[in-house]
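First comes the structure, then the notes that go with it.
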Amino acid sequence: MSAPLKDLRVIDLSTVLAGPNCARYFADFGADVIKIEKPGVGDSLRGMAWRDPRDGTGLWWKLVNRNKRNIALDLKLDTDRELFLKLIDDANVLVENFRPGTLERLGIGPEVLLKRNASLVITRVSGFGQTGPYKDRPGFASIAESMSGLAAISGEPDGPPMLPPIALTDEVTGVVAAFATMVALHSKVGQVVDVNLLETMFQIMGPLISLFMLTGEQQPRLGSQLPYTVPRGVYQCSDNKWVGVSASSDTVAARVVEVLGCAGDQRFTTFASRVENREALNDMMIKFCAQRDSQTVLQIFTDAQAAIGPVLSMAEISSDPHFAARQAIKIVGTTPMQGLLASLSGTPGELRWEGRTLDADGAEIRKNLWGSDIRKNGQ
């Protein structure tokens, strides 16, 4: 089957996570993605966090920059900037995540690029957006999580605000940027797509800003619980394993209440009544799990069609039959990593190679553009 995005060329000028993740989703579904890095040093993601013990390569790098070709260019050099512009001439998308104004200072801002390629979609991923009083600030995921309202509602009731233990904002922003870029491509109008970390996280906060501006109410910190549905959280079983439970519909909540032996109890028949009696219902859930081992709890809830799942570690996920059946873990090159973001029945994506070495495809790309496998003018 033909890869769905095989006719697209994406120039990935971004670094670290959010922008490169956007480009990765295009690459996974067949687009020709050319990753541009700074000569000699490359993307700082190469040196971030865990490394493959076999070859010393960063595991983040192998994942986020899979399926991309790679070239090293110094955009401050006239020759390399000219080569970049030649790549732009045949590109459909440029992804960049410099601070606002950086491309303009290099002489390759949107006005210049769109003059050369009127149909180009320029996806600009930044901390705070291309406009506004915060636009020039350095922005990272943790800052967006702090300023978006997420940290303020995360944590225990009597504890401090908390940040998520993963690069949540970068991952979500990558998906949002890819979606927004596809919308722009569908419009067939060359344009700038302005995506930022802060507003991405603000978008996923649900109606909390509406709630405050209309009522003055703010969601409190409740640990793993939610203010509008009970029970919801993780519960410890007698074998010291944990299960996650959610009752986010009246139908499922009724099944949970029945499992707990309280069918028909008027305290637990509606969302409002369950929330009003949160402590009583949550205590029942805690005791129910504490008196049974995890497999028994899982089986009882599953038989009742009540929503439940075990709390799995990566060690458990690596051998879980459902993850295996869904091909959620794939071997790319020689490295295990997440599979495709989505499964398309008619035009599936494909994982072809892991993130490559710096300038791995530079000679081929230069040869195609200059007719030589060396830099123009011998540079």
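The values are calculated or read from the model by the stated rules, or taken from the named source; none is laboratory data. Since the structure is predicted, the reported quantities are computational estimates derived from the model, not experimental observations. Reconstructed Cβ throughout: ideal geometry from the backbone, glycine too, with neighbour counts over all protein chains shown.
Without any contact (Cβ under 8 Å) to a residue 24 or more places away in the chain, within 20 Å of Thr335 (Cβ to Cβ) and surrounded by fewer than 18 Cβ atoms within 10 Å (Cβ to Cβ) - does that describe any residue in region 26-49? The answer is yes, given that some residue of region 26-49 is without any contact (Cβ under 8 Å) to a residue 24 or more places away in the chain, within 20 Å of Thr335 (Cβ to Cβ) and surrounded by fewer than 18 Cβ atoms within 10 Å (Cβ to Cβ).
Matching residues to (1) hydrophobic (A, V, I, L, M, F, W, C); (2) exposed (fewer than 12 other Cβ atoms within 10 Å of the Cβ); (3) free of Cβ contacts under 8 Å to residues at least 12 places away in the same chain; (4) in the same structural domain as Met147 (by TED's automatic domain parsing):
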{"site": "Val195", "(1), (2), (3), (4)": "yes, no, no, yes"}
{"site": "Leu198", "(1), (2), (3), (4)": "yes, no, no, yes"}
{"site": "Gly223", "(1), (2), (3), (4)": "no, no, no, no"}
{"site": "Arg267", "(1), (2), (3), (4)": "no, no, no, no"}
{"site": "Ala272", "(1), (2), (3), (4)": "yes, yes, yes, no"}
{"site": "Cys289", "(1), (2), (3), (4)": "yes, no, no, no"}
{"site": "Arg292", "(1), (2), (3), (4)": "no, no, no, no"}
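What are the residues in region 195-231 that are outside any loop (DSSP other than H, G, I, E, B), under 30 Å from Asp136 (Cα atoms) and of a type outside the set (Ser, Thr, Tyr), if any?
Selection gives Val195, Asn196, Leu197, Leu198, Glu199, Met201, Phe202, Gln203, Leu208, Ile209, Phe212, Met213.
Applying the set (1) surrounded by fewer than 21 Cβ atoms within 10 Å (Cβ to Cβ); (2) within 25 Å of Gln203 (Cβ to Cβ) to Glu111 leaves exactly one unmet item: (2). Got a number for residues in region 50-73 being surrounded by 15 or more Cβ atoms within 10 Å (Cβ to Cβ), of a type in the set (D, E, K, R) and farther than 22 Å from Ala184 by Cα? Total satisfying the criteria: 4.
Looking only at region 124-143, filter to residues that are part of a loop (DSSP other than H, G, I, E, B) and basic (Lys, Arg); which one of those is nearest to Ala184 (Cα to Cα)? Applying the filter and picking the extreme gives Lys135. Could you list, in sequence order, the residues of region 152-167 that are part of a helix (DSSP H, G or I) and surrounded by 18 or more Cβ atoms within 10 Å (Cβ to Cβ)? Of everything in region 152-167, just one residue is part of a helix (DSSP H, G or I) and surrounded by 18 or more Cβ atoms within 10 Å (Cβ to Cβ), namely Ala152.
Residue count for region 71-123 under the criterion of being part of a strand (DSSP E or B) and on the phi > 0 side of the Ramachandran plot: the result is 0.
A search for C-beta distances below 8 Å between a residue of region 157-182 that is assigned by TED's automatic domain parsing to the domain that holds Ala141 and any residue that is assigned to a loop (DSSP other than H, G, I, E, B) and among the β-branched types (Val, Ile, Thr), counting only pairs 6+ apart in sequence or on different chains, returns Asp170/Val16; Val172/Ile204. Of the candidates Val234, Val183, the single residue that is surrounded by fewer than 17 Cβ atoms within 10 Å (Cβ to Cβ), assigned to a helix (DSSP H, G or I), of a type in the set (Val, Ile, Thr) and within 26 Å of the chain's Cα centre (by Cα) is Val183.
Say whether the condition of being in contact with a Phe, Trp or Tyr (Cβ under 9 Å, 6 or more places away or on another chain), among the acidic types (Asp, Glu) and surrounded by 15 or more Cβ atoms within 10 Å (Cβ to Cβ) is met by at least one residue in region 130-139. No, because not a single residue in region 130-139 is in contact with a Phe, Trp or Tyr (Cβ under 9 Å, 6 or more places away or on another chain), among the acidic types (Asp, Glu) and surrounded by 15 or more Cβ atoms within 10 Å (Cβ to Cβ). Of all residues in region 23-61, those that are under 30 Å from Gly346 (Cβ atoms) and in a loop (DSSP other than H, G, I, E, B) total 3. Listed by position, the strands (runs of 3 or more DSSP E) contained in region 279-379 that have at least 1 residues being out of contact with any Lys or Arg (no Cβ under 9 Å at 6 or more places or on another chain) and at pLDDT 95 or above are 308-310, 329-332. The residues on offer are Val125, Val121, and the sole one that is in contact with a Cys (Cβ under 9 Å, 6 or more places away or on another chain), modelled with pLDDT of 95 or more and of a type outside the set (D, E, K, R) is Val125.
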